[in-house]
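Heads up, the thing below is written out as structure tokens.
Computed from the coordinates by the stated procedures, all read-outs in this text should not be read as laboratory data. For clarity, every value in this text was computed on a predicted model and none was experimentally measured. Please note: Cβ atoms are built from the backbone with ideal geometry, for glycine as well, and neighbour counts cover all protein chains shown.
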Number of protein chains: 2
Amino acid sequence: MSALYDDETFFAGYSGMVRSKEGLAGAAEWPAMRALLPPLGGLRVLDLGCGFGWFARWAAGEGAASVIGVDVSERMLERARTMTDDASIRYLRADLEAFEPAPHSVDLVHSSLAFHYIEKLDRLFGAIHQALSPGGRLVFSVEHPIFTAPSAPGWTVDGAGRKVWPVDGYQIEGPRTTRWLGRDVVKQHRTVGTYVTLLLRAGFTIDHLEEWAPTLEQVEARPDWAEERQRPTFMLMAAQI
Amino acid sequence: MSALYDDETFFAGYSGMVRSKEGLAGAAEWPAMRALLPPLGGLRVLDLGCGFGWFARWAAGEGAASVIGVDVSERMLERARTMTDDASIRYLRADLEAFEPAPHSVDLVHSSLAFHYIEKLDRLFGAIHQALSPGGRLVFSVEHPIFTAPSAPGWTVDGAGRKVWPVDGYQIEGPRTTRWLGRDVVKQHRTVGTYVTLLLRAGFTIDHLEEWAPTLEQVEARPDWAEERQRPTFMLMAAQI
């Protein structure tokens, strides 16, 4: 992951994406994620895979006592630091495959579209559970298993001319290599059941599971979102200890 | 549902299925379901959509204090009664859309492949929650949302010759009419997220969510199960109050 986001061409492509330029407002699923978050006033917040720090800055603005943004890409953290002058935010370079936050050091862990890159998610969920204070929450999004499963992820047309999403290999978990922004990107495909099971095994209680879809009103405003009603791209989950 | 299973041709076809003739042993997902059940000794058990009573008889054999099998089809219940002479089992004809078991009257509710026929599943989950005694469990299977979603459910071949499951309409919940055993059958498609949300809203804690797949060893013994690894047919869930 570090090498990927630190690659110049990939980084330029990533920086040009709507959600990179506009931040949370450019992320279709953000209102749904926000609805899962508790009031942030006074909370110690940890953001895993913080990227350019959009969430960290929002959390600080909402009154979080402290925000630690963690990312593996030094290049992304540099950009995040140049956009921040809030003393309550700290950026930290770490590989989430090995990151060990201090026990009972945070009240809320947030992560947006990062966990599907993690191989040892059981280890990370265990580390997050330990890091949370009593009553603490984990709120995260990942690419949906229906989205990550296919050997050839992309819309196809069936014999009757219907546009369909071609699911295969759903139960065969493990790496999927796809082309994104001109680079080979490796994601870890897991079933919905495995996400739930890993959370329960780590000791979490499941609070929420949502497969994000735009409303009909949203599709009217953004016709390019219509296909999200045909198959989900994002899965949002919330859990507490 | 009543009219469907009471239709002579459909009933004959259903009666001829492996899982109808061999019972639990003929259901591929049964070992996984069984693993979710507590020891049954002394428990009051309710089986929703009991069909020919295979589960009810098994539960009685495991030492359940009482077993009530509920089904909407009188024809199925007649057959169930002729196969039973266990005083701890009682069969009851009721429509699950309106069934109201007595509060705190059971310790375990089981249901196999019935809930995807139910329109008012929020009502039924509420009734089940009320019926369970403290510490009680609900264990059920449904057809998986990936299986029920498509407008044309059936394997198709993509442009590159890959056999794929054609997902569309995943986020569009509601009735799906499919042909089965020579009859139009109406199932209710719901997302995974909705099953989870309805359970949480009814007051349940989620204990387990599993998308059943055969192991490689099972596929070696039953090569016709191989496609179950490409997309799930069954979703198994366990919850407690």
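Residues whose amide H lies under 5 Å from that of residue B:151, counting only those 5 or more places away or on a different chain, are B:168; hydrogens are built 1.01 Å from N in the peptide plane. In the assembly of identical copies, residue B:216 has its label point, taken 7 Å from Cα in the direction of the beta carbon, separated from the corresponding points by 4.8 nm (ascending, one decimal). Centre-to-centre separation between the Cα atoms of segment A:43-117 and those of segment B:174-198: 41 Å.
When the helices in chain B are scored as -39500 (n - 2.57) per DSSP H run of 4 or longer and the sum is shared across all residues, what 222 nm value do you end up with, to the nearest 500 deg cm²/dmol? Computed ellipticity for chain B at 222 nm equals -7500 deg cm²/dmol. Taking the empirical scaling 2.2 N^0.38 Å for compact globular proteins as reference, segment B:112-189 has a Cα radius of gyration ratio of 1.40.
Relative contact order for segment A:131-241: 36 percent, from Cα pairs under 8 Å spaced at least 6 residues apart, divided by residue count. As a calculated quantity, the FRET efficiency between residue A:82 and residue A:186 at R0 = 22 Å, using C-beta atoms, amounts to about 0.15. Residue order for B:215, B:197, fewest other beta carbons within 10 angstrom first, comes to B:215, B:197. Taking amide H as placed 1.01 Å from N in the peptide plane, the amide H of residue B:173 sits under 5 Å from none that are at least 5 places away or on another chain.
Dividing the mean sequence gap of close Cα pairs (under 8 Å, 6+ apart) by how many residues segment B:30-158 holds gives a relative contact order of 24 percent. What the pair-distance distribution of chain A shows, using all Cα-Cα distances binned every 5 Å from zero, is 1, 6, 13, 18, 20, 18, 13, 7, 3, 1, 0, 0 percent. Extension gain for the segment residue B:92 to residue B:172, taken as residue separation times 0.36 nm less the Cα-Cα distance, is 25.4 nm to one decimal. Mean separation of Cα pairs under 8 Å and 6 or more residues apart, divided by the residue count, gives chain B a relative contact order of 17 percent. Take residue A:24, move 7 Å from Cα toward the beta carbon, and the resulting point lies 5.0 nm from the same point in each other copy, nearest first.
Arranged from fewest to most other beta-carbon atoms within 10 Å of their beta carbon, A:155, A:30 become A:155, A:30. Each copy carries residue A:201; placing its label point 7 Å along the C-beta direction from Cα gives inter-copy distances of 3.1 nm, listed from smallest up. For residue B:64, the residues whose amide H sits under 5 Å from its own are B:42, ignoring neighbours fewer than 5 places away on the same chain, with H placed 1.01 Å from N. When A:8, B:173 are sorted by how many other C-beta atoms sit within 10 angstrom of their C-beta, beginning with the fewest, the order is A:8, B:173.
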